[in-house]
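Asker: Okay, here's the structure, questions in a sec.
The values are calculated or read from the model by the stated rules, or taken from the named source; none is laboratory data. Predicted, not measured: the structure shown is a model, and the values here were computed from it. Here Cβ is always computed from backbone atoms with ideal geometry, including for glycine, and neighbour counts include all displayed protein chains. The protein model used for the area step is the full one, side chains on, heavy atoms only, and it has no ligands, DNA or RNA in it. Shrake-Rupley method; radii C 1.70, N 1.55, O 1.52, S 1.80 Å.
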Amino acid sequence: MSYSTKDDRSFGAPIAEPSDAFWRGLGGSESSTTRDKVIMLAVDLIIREGPADFNMLRIYEQLGIDAATVGFYFGGRDGLLADATWWAFRLWAQNVDDAFRTARPDPRARLRSFVEAEVTWARRMQGMHFVVNYPHVSSQAGDLVLDRYGDQLTSTFEYHLALLSVTVRDINRGTVHPLDFGPGNLPRAEFVLTPGYLLTATQISWATHGLATWSAGRHVPTRGLASRAFGDVSTTVAVSKMVSTIVALAEPS
């Protein structure tokens, strides 16, 4: 996978009349309910403007609704932000699942696919990436996320940590697991007996999160690199090297 600092998202650009492709890019369709479209437009605005600055009036204008509709569906701005966070989290979860399951059946290929997908996702989601991972950008919205979806957030993350743990185990043992489990039937017993795989998976998760967050956030001290003599090469090489370093964490010591 090649990396670029250019914005190649399929959504996140201002659209006067959202198309079916626009809605599909956000996990819906033109036939989605008004409630779901409000959430998707909120996600899109947060991607482009960040959680503090997104303007709900633009949602009302694009869908031809009034402010009372948001109050009816979500209880207000914080409720909408909470549901947008959950919506984006589910998109993230599907992205991770796809990264593992569409990679060729080799644990190293699966792990690299995961890390690269996380970087690409963070770049695509920008402001929404931060809201998903740190919902307390609005304390009330963050509390609502936990109240409404806390158990589902935890179970989904445990599942993806299990995907990483199985992948680490396969790299260590020279095996290829069929990934024949889901959030409701995790291989917990095995990883209680072999906690080293889980610890390595956690380390990989944190390292990947750091790389993805740096990639999404237009890191202030380094954002000028691409405009200087090295151009995009410095960023591209740095990310590529870091991906390889993260993947190497799973190798037997």
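Asker: Could you tell me which numbered condition Val131 fails, if it satisfies all but one of (1) β-branched (Val, Ile, Thr); (2) open to solvent by 30 Å² or more (accessible area, probe 1.4 Å); (3) closer than 21 Å to Gln152 by Cα?
Answerer: (2)
Asker: Let me ask something else about it. Without any contact (Cβ under 8 Å) to a residue 12 or more places away in the chain, open to solvent by 20 Å² or more (accessible area, probe 1.4 Å) and either outside any helix (DSSP H, G or I) or not β-branched (Val, Ile, Thr) (or both): is that true of Phe157 in this structure?
Answerer: yes
Asker: What residue, among those in the range 173-197 that are at pLDDT 85 or above and of a type in the set (A, V, I, L, M), is farthest from the chain's Cα centre (by Cα)?
Answerer: Val176
Asker: Another question about this same structure. Just one of Val96, Val145, Val70 is among the β-branched types (Val, Ile, Thr), in a helix (DSSP H, G or I) and under 30 Å from Val243 (Cα atoms); which is it?
Answerer: Just one listed residue meets the conditions, Val96.
Asker: With respect to Pro183, is the statement that it is part of a loop (DSSP other than H, G, I, E, B) and either surrounded by 14 or more Cβ atoms within 10 Å (Cβ to Cβ) or on the phi > 0 side of the Ramachandran plot (or both) true?
Answerer: It is true that Pro183 is part of a loop (DSSP other than H, G, I, E, B) and either surrounded by 14 or more Cβ atoms within 10 Å (Cβ to Cβ) or on the phi > 0 side of the Ramachandran plot (or both).
Asker: Residues being touching a helix residue (DSSP H, G or I) at 6+ places or on another chain (Cβ under 8 Å) and either at pLDDT 80 or above or part of a helix (DSSP H, G or I) (or both): count how many of those fall in the range 231-243.
Answerer: The number of residues fulfilling the criteria is 5.
Asker: Before we move on, is Ile65 touching a residue at least 12 places away in the same chain (Cβ under 8 Å) and assigned to a loop (DSSP other than H, G, I, E, B)?
Answerer: yes
Asker: Which residues, counting only those in the range 186-202, are part of a loop (DSSP other than H, G, I, E, B) and of a type in the set (A, V, I, L, M)?
Answerer: Once the filter is applied, which keeps residues that are part of a loop (DSSP other than H, G, I, E, B) and of a type in the set (A, V, I, L, M), the range 186-202 yields only Leu186.
Asker: Take the residues in the range 95-124 that are surrounded by fewer than 18 Cβ atoms within 10 Å (Cβ to Cβ) and free of Cβ contacts under 8 Å to residues at least 12 places away in the same chain, then tell me which one is farthest from the chain's Cα centre (by Cα).
Answerer: This residue is Arg104.
Asker: Continuing with the same structure: May I ask you to list the residues in the range 62-80 that are open to solvent by less than 40 Å² (accessible area, probe 1.4 Å), out of contact with any Leu (no Cβ under 8 Å at 6 or more places or on another chain) and of a type in the set (A, V, I, L, M)?
Answerer: Result: Ile65, Leu80.
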